[in-house]
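Taking it in order: structure first as structure tokens, then the write-up.
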């Protein structure tokens, strides 16, 4: 992954005088080899009072079990192996670059740049047949389990 960590991340807040301002202007934090965190929250409603960055934590869907949220960038490398999984979340995905195939138990759909997906926690697998990496912005929020529930 070469582009995701260099993605500019701008976060607003309040300065010491209570005025709206930019608190952070820099690259998204990297996680693993294929993604970057933009932001995460610990619960709902979100606490917007802090004048600092959100806490760092390794990537995990467990971050949402307290009612929090994740906003991340993810790169799908060409030729990634199978990883069928389900989550106890609802995920809003916007394809930014390239194309990927979302495999489901009863079929598949190809998503290209500009396409949007609402993944409602069902069992699925991602496949990028190439020829280039694909990139998506994803917001994940906790949800009640469906089917047999989370596998990750």
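A few notes on this one:
- The residues in the range 96-107 that are under 17 Å from residue 78 (Cβ atoms) and free of Cβ contacts under 8 Å to residues at least 40 places away in the same chain can be counted, and the count is 7.
- Per this entry, residue 142 is counted among residues that are in contact with a strand residue (DSSP E or B) (Cβ under 7 Å, 6 or more places away or on another chain) and farther than 15 Å from residue 78 by Cβ.
- Condition met for residue 33 (part of a loop (DSSP other than H, G, I, E, B), over 26 Å from residue 144 (Cβ atoms), modelled with pLDDT under 80 and touching a strand residue (DSSP E or B) at 6+ places or on another chain (Cβ under 7 Å)): no
- Annotation: residue 67 fulfils all but one of (1) modelled with pLDDT of 85 or more; (2) at positive phi; the unmet one is (1).
- The range 69-110: number of residues that are closer than 30 Å to residue 46 by Cβ and under 16 Å from the mean Cα position of the chain (by Cα): 23
- Criterion: at pLDDT 90 or above and out of contact with any strand residue (DSSP E or B) (no Cβ under 8 Å at 6 or more places or on another chain) - qualifying residue of 99, 112, 106, 134: 106
- Test: residue 121 is modelled with pLDDT of 95 or more and either touching a helix residue (DSSP H, G or I) at 6+ places or on another chain (Cβ under 9 Å) or surrounded by 13 or more Cβ atoms within 10 Å (Cβ to Cβ) (or both): no
- The listed residue being buried (at least 17 other Cβ atoms within 10 Å of the Cβ), touching a helix residue (DSSP H, G or I) at 6+ places or on another chain (Cβ under 6 Å), within 27 Å of residue 23 (Cα to Cα) and in contact (Cβ under 8 Å) with a residue 12 or more places away in the chain, out of 93, 73: 73
The values are calculated or read from the model by the stated rules, or taken from the named source; none is laboratory data. Fair warning: this is a prediction, and the values are worked out from it, not measured in the lab. Neighbour counts run over all protein chains shown; Cβ positions are idealised from the backbone, glycine included.
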